[in-house]
1. Hey, which of the strands (runs of 3 or more DSSP E) in the stretch 71-182, taking only ones fully inside, have at least 3 residues that are open to solvent by less than 60 Å² (accessible area, probe 1.4 Å) and more than 21 Å from Gln20 (Cα to Cα)?
2. Taking the stretch 81-127, which residues are on the phi > 0 side of the Ramachandran plot and among the acidic types (Asp, Glu)?
3. Determine if the stretch 183-198 includes at least one residue that is among the aromatic types (Phe, Trp, Tyr) and in a strand (DSSP E or B).
4. If you go through the stretch 152-177, how many residues are farther than 19 Å from Gly104 by Cα and out of contact with any Cys (no Cβ under 7 Å at 6 or more places or on another chain)?
5. Do we have any residue at all in the stretch 202-211 that's under 16 Å from Gly58 (Cα atoms) and loosely packed, with under 13 Cβ neighbours inside 10 Å?
6. In contact with a helix residue (DSSP H, G or I) (Cβ under 7 Å, 6 or more places away or on another chain), closer than 22 Å to Phe208 by Cα, surrounded by 14 or more Cβ atoms within 10 Å (Cβ to Cβ) and at pLDDT 85 or above - does that describe any residue in the stretch 35-56?
Amino acid sequence: MRKITLVLLFLFTICQGYSQEIYFLTGKNYTNYKVRYNGSETVNPLTKKGEGDSYEIGLAIPIKVQRLAFDNNLNYTVGLTLNQYNAEAGDLANNYVWKTEYIGVQNALVYSFVKSNHLDLAVKAGVNVATMLYGNQTINNSRFDLNKQKDFNGIVVSPLLGLQAKCNLSEYGYLSLGYNYSRSLNLTNDTNKKVSFLTNQIVFGISFELY
């Protein structure tokens with residue numbers, strides 16, 4: 001508890017006195033499923049990339065550390081996310097469809113390598129921790145609930161890397177376009193079957209400065 005308090009005090013110290021931003025992002029996830037059995041990784045050759053929605057609302061906090069090269073160019077973001085990770089597979093005889101929806105919390109560091117009054121280009125690295133709200137698998141005309149499947153439910157961690165471009169909407173508002181790539185890991189799945197989501201994400205956003 002003492003360590004957590006010290007970390008919170010440190011973040012408050014380096015961020016106080018500087019404007020923060022509230023942001024909202026929405027876009028699309030393009031996901032492939034990768035499956036491992038007993039440590040051997042395979043990809044179903046019939047699997048097609050699925051399309052799902054993505055939403056995030058959160059806060060961007062400037063990290064101000066004087067006398068360092070990245071002063072005024074580094075932000076910490078924390079947001080609440082809702083992501084759909086869907087996929088399809090099939091052949092002439094069978095058709096498979098997976099539809100899943102996860103709610104989570106995403107933490108990231110955003111470093112601006114180009115920063116001006118009108119344009120901000122940045123790289124992004126973070127991690128999303130989520131759990132499933134909804135999931136089903138459809139095989140032909142039969143539907144199966146995924147909420148009881150350990151390879152889909154539980155705690156899912158998704159490290160991510162991305163790029164972001166942001167431009168002025170007004171004096172205190174901004175529009176953004178971003179791309180993120182992530183791969184999930186289920187921390188609570190203790191079975192021999194491991195399912196990972198490999199996701200390319202395109203997001204559009206709007207943000208406003210807070211004082």
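The values are calculated or read from the model by the stated rules, or taken from the named source; none is laboratory data. Nothing here was measured: the structure is a model prediction, and the numbers come from that model. Cβ coordinates were reconstructed from backbone atoms using ideal geometry, including for glycine residues, and neighbour counts include every protein chain displayed. Calculation scope for accessible area: heavy atoms of the full protein, side chains included, ligands and nucleic acids excluded. Shrake-Rupley method; radii C 1.70, N 1.55, O 1.52, S 1.80 Å.
1. Output list reads 74-84, 87-90, 95-115, 119-139, 156-168.
2. none
3. Applying the first criterion (among the aromatic types (Phe, Trp, Tyr)) to the stretch 183-198 yields 197.
Retained after the next criterion (residues that are in a strand (DSSP E or B)): 197.
Looking for residues that are among the aromatic types (Phe, Trp, Tyr) and in a strand (DSSP E or B), one finds at least one in the stretch 183-198, hence yes.
4. Residues of the stretch 152-177 farther than 19 Å from Gly104 by Cα: 163-177.
Now restrict to residues that are out of contact with any Cys (no Cβ under 7 Å at 6 or more places or on another chain): 163-173, 176-177.
Within the stretch 152-177, residues that are farther than 19 Å from Gly104 by Cα and out of contact with any Cys (no Cβ under 7 Å at 6 or more places or on another chain) number 13.
5. Step one: filter the stretch 202-211 for residues under 16 Å from Gly58 (Cα atoms), giving 203-211.
Filter once more, so that each one left must be loosely packed, with under 13 Cβ neighbours inside 10 Å: 210-211.
Taking every residue of the stretch 202-211 in turn, at least one turns out to be under 16 Å from Gly58 (Cα atoms) and loosely packed, with under 13 Cβ neighbours inside 10 Å.
6. Start the filter on the stretch 35-56 by keeping residues that are in contact with a helix residue (DSSP H, G or I) (Cβ under 7 Å, 6 or more places away or on another chain), which leaves none.
No, the conditions are met nowhere in the stretch 35-56.
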